[in-house]
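All of the numbers you see were taken from the coordinates with simple rules; none came from a lab. Predicted model only: the values in this text are computed from it and were never measured. Here the Cβ positions follow ideal geometry from the backbone for every residue, glycine too, while neighbour counts run over all protein chains shown.
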Amino acid sequence: MELLLAPLPSILLRPYQFPPQPASRPRHGRIQEPIMAFAQAPPLALPFQESRSSIQAPRHSTRPPSQEPRTHPPPGPPLRSEPRIVSDTKLITMHSCAGRLVDARKVFDGMARRDLLAWSAMIGAYAIRGMYSEVNALAVTMVREGVIPDRFLITRILQACAYTEDLELGMAMHSLAIRKGFMESTRDVPVGNSVLAMYVKCGELGRARRVFEKMGQRDLGTWNSMIFGCCRSAEWEEARRLLDDMTREGTQPGVVTWNTLISSYARSGDLDVAMELLEQMEESGVAPDVVTWTSLVSGFVHSDRGDEALQCFIRMRLAGIEPNGMTIASAISACASLRLLSQGMELHCHAIKVGSVNNVLSGNSLVDMYAKCGEIVAAKRIFNEIPEKDIFSWNSMVAGYAQAGYCGKAYELFCKMESLGVRRNVITWNIMISGYIRNGDDERAFELFQMMESCGVKRDTASWNILIAGSVHNGHFDRALRIFRQMQALLVRPDYITILSIIPAFANIVAFWKVREIHGCIFHHNLEMDAKIANALINAYSKSGDLAGACAVFDRHSSRNIITWNCIILAHLLHGSPSEALDRFCQMKQEGVLPDNTTLTAIIKAYGLKGKVSEAEEIFYNMTHDYNIAPDVDHYAAMVDILGRSGRLEEAYELIDEMPLIPSLAVWEALLTAATIHGNVRLANLAARELVSIEPSDPRIQRLIYNLQDLAGKSIDVPHMIVSNKGRELEEVDSCSVEIENKVYLFSTGKMINLFKIKGQKKDDAATANGKPAAKKQSPGELRLHKDIAELNLPKTTKISFPNGKDDLMNFEATIKPDEGYYVGGKFVFTFQVPPAYPHEPPKVKCKTKVYHPNIDLEGNVCLNILREDWKPVLNINTIVYGLNLLFSQPNDEDPLNHEAAAVLRDDPKKFEKNVHRAMAGGYVGETHFPRCM
């Protein structure tokens with residue numbers, strides 16, 4: 001394919017417009033890009049270089065002392081004066097060598113006629129000093145005046161085009177080089193290299209590749225430029241192929257070649273490949289230099305692999321290579337990430353020794369290291385000693401104060417930046433917001449978040465992520481969801497961290513369709529489904545009651561690790577499916593994945609749920625031999641629970657007594673629960689004493705002791721243990737939640753259990769006083785329903801009533817008055833019959849009102865998946881009510897009970913709407929009459 005070259009008049013025949021300078025590269029956080037081997041033009045063969053002595057007076061006479069002074073020659077014909085153009089060119093060269101470019105330019109502009117030598121002198125003066133925009137402007141003017149550059153000058157112009165990324169002028173120079181025949185012979189390799197490098201720097205890898213393929217002769221600079229272009233465009237495989245090709249063609253890669261590849265892979269985070277390349281570099285006989293090691297150290301630091309960064313630094317020092325300021329700064333950053341104060345102080349001393357301590361990069365790293373290690377005073381001293389602080393210096397110090405909990409000091413410095421004219425960037429604001437959230441001051445964090453836009457700082461995705469993650473961490477799931485909704489409404493694209501932060505908030509809501517919403521968001525934004533996101537989704541689906549969703553994510557995810565397997569095994573256990581959990585365990589072993597502590601704990605529990613005590617014991621006693629895992633307290637707690645529930649209480653206690661570890665709360669709690677179930681007051685009392693001695697204020701323990709009081713009556717000294725906690729209220733733990741109309745309601749169980757006990761006791765006392773027998777104790781299903789009813793947070797469209805009185809909670813009615821959709825203005829009554837096995841069985845729900853609806857038949861049967869195959873014990877009355885409301889706002893024709901209504905809805909929505917209004921008004925739809933329900 002031929003190159004498409006711009007014709008000369010498109011750029012060279014009009015006044016030159018200076019292109020915008022490319023954005024300067026960040027001074028911190030990146031390894032300096034390897035310097036490409038641009039072909040440097042040799043010194044210009046100018047006549048005046050040979051006669052420069054003619055304009056310089058000799059300092060000393062070279063005649064022998066005995067020689068007589070020479071007399072002036074007799075007058076003869078006058079000497080021929082050199083042309084003015086030559087003398088002016090010499091003057092330009094003299095001024096430029098002395099650094100007087102302004103004077104040189106004045107001479108150049110004052111010349112009546114300028115030849116190629118004069119243009120070469122002026123352009124060369126600018127090029128040597130890196131004034132590439134001026135080089136480009138002079139090149140355009142030169143060609144416009146009819147002077148054509150030679151192969152040496154065109155090389156310099158192409159080099160200037162590469163640095164300024166001026167593609168248009170570069171293409172014109174390329175066209176000119178082809179027309180003048182500067183890319184045909186072997187001596188024209190420097191011109192070809194310059195063209196190639198220009199296209200690479202301008203991001204035109206396709207054009208660079210075509211130039212590369214047409215070059216008959218290639219040197220090391222040619223290969224380096226092409227490899228650099230591939231790395232810059234993230235075409236790693238082609239870069240590796242070029243490395244093999246250059247060796248095959250007889251060109252040995254140099255240190256610049258290897259550094260280009262290693263630094264590119266290190267910056268991209270593919271450090272394992274970078275280390276492989278380092279080994280190949282050493283095997284090929286090329287010794288790594290300071291740039292090589294600095295690339296690796298910095299790459300490991302940016303990938304949060306600080307320990308490996310320090311190992312590379314040690315290898316570099318053992319190889320006898322002196323680190324530069326960038327290497328030391330990166331190594332100090334590694335110490336900061338690992339909180340290694342002593343090693344960081346050693347590097348601080350080394351920085352002082354080599355004289356890089358006053359470098360702003362080293363200073364910033366030292367401030368960060370001392371701050372993260374808790375040495376705020378030292379960090380402040382280093383900060384004050386940095387001569388020219390940049391924004392990174394200020395951010396490091398503000399972050400140090402915020403991370404140490406000194407938010408007041410951090411805010412003072414934050415305000416001081418503004419008073420000193422230091423522009424605070426979005427990272428500065430994010431640091432302050434994160435600091436306030438970490439220290440529990442959410443309100444102040446939200447104030448700063450709201451202030452950002454008014455202060456001229458645009459929020460980035462990280463700003464939203466900090467608020468979401470902080471709200472989830474502090475248990476404010478409803479707030480996290482509101483922030484996420486607001487983020488979507490403002491069209492802020494979530495990233496990988498957003499998804500990982502928000503998934504736990506969805507997981508704590510008993511609504512699997514919300515988890516599906518975030519799952520869809522991942523695909524909508526083309527986010528990569530890696531192991532962490534897959535594991536979080538499996539966990540979220542499981543907790544929200546959708547085991548099928550958890551299994552679907554697991555089955556579709558190919559890169560499963562041990563955590564992924566643990567998530568799906570625990571999901572089956574949570575949903576009461578121990579057989580499936582054991583099947584997954586067998587599948588995991590067949591795929592060659594070794595179990596860890598969590599896996600074996602889950603498998604022991606699975607065997608316990610199936611009642612296979614001997615199999616559980618086999619896993620427990622052979623785990624050290626089979627899997628090289630010593631039993632920990634979790635494994636002991638699982639075994640105690642299994643033995644206790646199977647009635648082998650004495651064996652369970654002996655197992656605890658023989659434990660090589662200190663029994664944990666879970667171990668004693670398992671024994672207490674089992675002893676309470678089987679009525680063994682002695683062991684229950686023993687376990688209770690141990691629990692109270694370990695953690696007397698734990699609400700779970702107190703509830704277990706209350707159950708033990710019921711078992712023991714007034715015997716032993718269980719009441720004494722209860723009295724010892726008298727006056728201490730049960731701590732409320734927000735352990736459950738539900739979302740209704742995008743609002744999350746959290747509730748606890750501790751106070752509810754106490755309330756049930758108090759109300760029950762009062763009712764029994766009143767009945768006894770009236771000569772009536774005490775009421776029967778409530779079943780677990782009644783207790784659960786009692787809690788669900790007490791914690792109802794109904795939509796404004798729904799009301800609950802108890803036709804048989806509140807003594808009969810197991811039968812009640814829900815009245816729904818939709819305020820949107822087809823059924824707005826209607827009134828529909830549903831009856832609920834809750835079975836004794838609730839929540840392990842769903843309530844029976846029927847529509848008492850005759851309604852024209854695709855998902856409700858004329859007998860009142862309701863098609864709601866959560867009342868059939870999707871019912872899980874984690875669901876509750878609130879979830880059902882929310883689902884019924886959804887039927888009226890969004891009827892569907894996919895799974896109908898009234899097929900005629902579903903067909904009309906699907907084929908003619910307007911007719912469906914008329915039929916609904918006719919039925920609600922009290923009329924006929926077809927041959928069926930509907931009573932008025934408006």
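Summary table below
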quantity	calculated
J(HN,Hα) series, region 454-460, from Karplus relation 6.51 cos²θ - 1.76 cosθ + 1.60, nearest Hz, glycine and proline x	5, 8, x, 10, 7, 5, 10
Cβ-based net charge around residue 604, under 12 Å, with every Lys or Arg adding one and every Asp or Glu removing one	-3
Cβ-Cβ FRET estimate between residue 317 and residue 283, R0 fixed at 25 Å, reported to 0.05	0.70
Principal axes of region 328-379: Cα extent on each, largest first, Å	25, 17, 14
Mean Cβ count within 10 Å, highest first, over the residues of peptides 463-472, 823-832, 446-455	463-472, 823-832, 446-455
Alpha-carbon gyration tensor eigenvalues x 5, square-rooted, for region 782-930, Å	28, 16, 13
Most to least packed among 663-671, 887-895 [average Cβ atoms within 10 Å]	663-671, 887-895
Packing-based exposure ordering (other Cβ within 10 Å, fewest first) of 487, 397	487, 397
D (Stokes-Einstein, µm²/s), Kirkwood Cα radius, region 289-368, 1.567 mPa s at 4 °C	108
FRET efficiency, residue 633 to residue 596 (Cβ-Cβ, R0 22 Å, nearest 0.05)	0.90
Ranked 167, 875, criterion: other C-beta atoms within 10 Å, fewest first	167, 875
With eigenvalues of the C-alpha gyration tensor scaled by 5 and rooted, region 407-556, Å	34, 15, 12
For residue 923, distant residues with modelled amide H under 5 Å away	930
Sites residue 589 and residue 270 - FRET efficiency at Förster radius 35 Å, r taken between beta-carbons, to 0.05	0.65
Sorted by Cβ neighbour density within 10 Å, fewest at the top, the residues 907, 115	907, 115
Overall form of region 302-433 per C-alpha gyration tensor (a/c, 1.5; a/b vs b/c)	prolate
Extension gain, residue 783 back to residue 813 (0.36 nm per residue minus Cα-Cα distance, nm)	8.9 nm
For residue 651, net neighbour charge (Lys/Arg +1, Asp/Glu -1) across residues whose Cβ lies under 11 Å away	-4
Tally of Lys pairs whose C-alpha atoms are under 12 Å apart, taken over region 782-930, 8 or more apart or cross-chain	6
Packing rank of 328-337, 419-428, where each peptide gets the mean count of other beta carbons within 10 Å, highest leading	328-337, 419-428
